[in-house]
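Derivation of every value follows stated rules applied to the coordinates shown; laboratory data play no part. Quick caveat, the model's predicted, so the values are computed rather than measured. All Cβ positions, even for glycine, are placed from backbone atoms using ideal geometry, and neighbour counts span all protein chains on display.
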Amino acid sequence: MLTEFKVGTYLSADSPKGFVNLYSKLTATDTLDTTTYVGSVQNNQPNGINFGQVIGWRTAKKLVKIKLRVPIKQYWGLSEIVEVWADATQVSVYAPALDESAAKFYYCTGNGVRLRSAPSVANLLNVVGVANKGDLLGKSNGYTENNFLLIYATALNGAYKVDASGQKISYYVHQDYVSKVNPAAPSTTDPGKPVDRNLPSEGNTAPTVTPDEPAPAANSVGIFVAAGLGALAFGMAVIKYVRRRSRNPKKP
């Protein structure tokens, strides 16, 4: 059950029924509008673990507004549902435990690598930063989802970066562009003086991260199709008008 409402809190399904129904709208009296049902997420399943974050609420009604990590597609993919409402008593705060004993520093191995708030490349709305080769990304205990590694951002001294609410800042980076070996760490040929190549060094830099995700943009495909249909309708109207005029020419 969600007891403390805070913008940006990530949520997981936690319902006695085993699933949480999602709705796109509320009624005029601030209750869930069951006619706007758009789907469900399941407890302890990929679609119900860390499935979205809090963007609004109705405390008295125990309802929460959620921005989905993975939008629900409608009308053959021409539109998407990004924001939904749910019963706050059926969700809980997603807080994956970070095992410090297993956590390692990770470094970026490429240039222009996107840092994402969700493990998906479906769109650019989840991009919260960009890293370059040699950047210290942060710490992770190796948790991966959809080939993305969950990393907790750290400063160059190894301290965790936190947001305005004091929560650790985290993001996902594709596992093809990360390494536990610090490319800037000095090497040594003296076996009696081994160098920990995992620790950050003066040669590292860190990417700039914007924890707050950008507002969802209108679906570009839907806009394109709508504009195309509008232009087609206008063209057909012009053709009908010309044909009608040609059949009934004005007399001189």
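The figures follow:
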read-out: Positive-pole candidate from Ala122, Val181, Tyr160, dipole of segment 96-217, charges at beta carbon; value: Val181
read-out: Other-chain or far-sequence residues with amide H under 5 Å of Thr9's (modelled H); value: Val54
read-out: Taking segment 10-93 and dividing mean pair separation by its residue count, relative contact order in percent (alpha carbons under 8 Å, at least six apart); value: 35
read-out: HN-Hα J in Hz across segment 195-210 - Karplus 6.51, -1.76, 1.60, θ = phi - 60°, x for Gly and Pro; value: 10, 6, 6, 8, 6, x, 9, 5, x, 8, 10, 10, x, 8, 10, 10
read-out: Student exercise, segment 96-217 dipole from Lys, Arg, Asp, Glu Cβ charges, in Debye to nearest 20; value: 160
read-out: Sequence of Tyr107, Tyr23, Tyr143 once ranked by neighbouring C-beta atoms within 10 Å, starting from the fewest; value: Tyr143, Tyr23, Tyr107
read-out: Over 19 Å [Cα-Cα, segment 10-93], rounded percent; value: 31
read-out: Spatial separation of Cα centroids for segment 1-73 and segment 95-167, in angstrom; value: 25
read-out: Residues with amide H under 5 Å from that of Leu137, placed H, sequence gap 5 or more; value: Tyr106, Tyr107, Cys108
read-out: Overall dimensions of segment 58-173 as given by Cα atoms, namely Rg and Dmax in Å; value: 16.6, 49
